[in-house]
Structure formats: C-alpha cells, structure tokens
Amino acid sequence: MMFGTREPFEYLSCAACGTLQIHNALEGEELMRHYPSNYYSHNASAQPGVFRWLVTQHDAYKLRGGGRMLGALISARVSEGIFRVLLGGDVVRMLAQLSVEPDARILDVGCGTGGLLDRLTRIGFNNLCGADPFIEADGESCEGVPLMKRDLSAVAGKFDVIMFNHSLEHVPDPVATLKAAYEKLAAGGMCLARVPTTSSEAWTTYRADWVQADAPRHMVIPSRQGMAMAAEKAGLRVDRTFDDSNLGQFLGSEAYRRDVAVTDPKILRMFGPKQLWEWEKRAVWLNQQGRGDQTGFVLRAM
C-alpha cells in the first residue's frame, strides 16, 4: 500500500513469539520492482538546504543535551513530534544516550544514499561509512561519506557501532545478518538495530492495515521476544531498547483502512491538526509503556 499497488502478500505470525514473516520472500527483479526510484531511502540526501540546516540544529541539540535556543525550540513538544515523523524516529538521541564518541567507527548497513550518515557528519561524527547491496555503485554521500555496494558479510574491518536503521526487517534471514554483524564488532562494540515491532498497540489494532507491515519490503518484523531470540542465536544480547514510534503509525494505518496510500497527496487533507496532536500524544505515551511500533535494540556480545 505504500505505492497503492494493492497487491496481496501472505505473512505468517509465529505462535510462540509473535514475530511476523513473509511466506514467500521475493528476490531479484521481482523484489526490486517494489523499490522504485521514488522510494524514500533512494532520496534521503536530496533535501532542501533550509530543511537540512534545521535538522542539523535539531540533531546538535539532541546530541549535546542543551545549548542553542533554536535547537531547544525545534525540540519543543509540537515541533519535536513533526521532526520525529519527518526523520523517521530519534536515532541521534539514542547515540547520545549511548555516549557514542565522535570518532567512533560507525557502519550504517542499508544506508541508501547516505542521508543519515550526512546528518551525523554535520554534527561532528567523523569515522563513518555505509554499506548497501542495492545502491548503484560504490561512491560517496553528499557530505563525502564512503558508501559501499556490498552485503555486510563483504565489508572489511571492525566497527564500534553497526547500525541497522530500518534495514534489518528488509532481509529474509535476520539471524544470519546479525551473525555477520557480530563478526565485525570491535571489542566492546555494539549493534543498534532500529526496527518496527509487532509487540505494539499499532499491530494489535490494525493488523493487515498496519503501515509498518509494509509488504512485501518488510520480510521479518520481530516481536520484542523474537528479537531477543534472534540476537541470542547470533551471539548477541539485548542490552537496552529505545521506543521511538511517532504519529505516523496511526496516520498511515488509518489511511490504509480507507484504501489510501501514504504516497497519495490526499493523505495530507484527511486528518486535522487536533487529530494529529492526539495521535502524537498517544505515540509518546505508548513509547513510555514499551508499546510503540518501532524500537531501537542495542545489541552487545554475550
């Protein structure tokens, strides 16, 4: 439903842990058909200059926990909710609370065009790279961060932080991918796996209309228990979690209930400010209860 094709895909729900998995994973050209040129990660670095500047002020404030008045205003309740929707969550806050140093060796797996890596560069991180088997070729992001066209297993070196920013749910075998990450962690290193989760009110409420099911791109959507089990099989343990869901879980899912794709401009006129504000408050509360529909799992070696 992201692009309104309305094609049906069958998923299985694990009776033991509630993890959701596509029945027949797509491959090759059939899979790539569902990642068209206007897919969001292909254009993550192509943003207007003013918006990039505002995001940098927002990120710098989050990273340093105070400082400039503009950053504080941007991080106020209403604008913060808007930024969490536009930016897909709150990864900079996670890195700040994990005390990740600016010179930490960070690999972003499934980096697309490097939009997140550029954000991190603009706030002082200086030892970054990205890997994504679906980009056109090896290259650089707009800010000069190296981007590699390859699977994680083919990336050389050791890393202090390996990030999966809504990319792990796109692989058919997350355990194998986490094992590859484990092999590339430096001593004391960690993985930050940001994924949607079925251990959420949104999945319970919307089921097939849940916007983050995102068939057929999302192949395995873990429950919280399922992620812990997958991590253990890869030699990792869940050390900490960060819920960072936003009002998009309601906006997109309610649109799907009405047979409207999230890429349809009509969605901008469907719900008023009062409803959006109520959804944002609900999202914040669900995050506090551990019932948000997306979570950052911090994984460390056992």
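Going through the stretch 88-127 one residue at a time, which ones are β-branched (Val, Ile, Thr) and touching a strand residue (DSSP E or B) at 6+ places or on another chain (Cβ under 9 Å)? Within the stretch 88-127, Val91, Val100, Ile106, Val109, Thr113, Thr121 qualify.
Candidates in the stretch 276-302 are the residues that are in a helix (DSSP H, G or I) and either touching a Lys or Arg at 6+ places or on another chain (Cβ under 8 Å) or open to solvent by less than 20 Å² (accessible area, probe 1.4 Å) (or both); of these, the one that is farthest from Met94 (Cα to Cα) is Glu280.
Across the stretch 120-146, the number of residues qualifying as within 24 Å of Glu169 (Cβ to Cβ) and touching a Leu at 6+ places or on another chain (Cβ under 8 Å) comes to 9.
Please determine whether any residue of the stretch 267-275 is modelled with pLDDT of 95 or more, open to solvent by 20 Å² or more (accessible area, probe 1.4 Å) and under 23 Å from Ser199 (Cβ atoms). Within the stretch 267-275, none of the residues are modelled with pLDDT of 95 or more, open to solvent by 20 Å² or more (accessible area, probe 1.4 Å) and under 23 Å from Ser199 (Cβ atoms). Could you pull out the residue among Asp293, Asp244 that is within 21 Å of the chain's Cα centre (by Cα) and modelled with pLDDT of 95 or more? Only one candidate passes the filter, namely Asp293.
The values are calculated or read from the model by the stated rules, or taken from the named source; none is laboratory data. It should be emphasised that the depicted structure is a prediction, and the values quoted were computed from it without experimental measurement. Positions of Cβ are backbone-derived with ideal geometry, glycine not excepted, and every protein chain shown enters the neighbour counts. Ligands, DNA and RNA are excluded from the accessible area calculation, which covers all protein heavy atoms including side chains. Shrake-Rupley method; radii C 1.70, N 1.55, O 1.52, S 1.80 Å.
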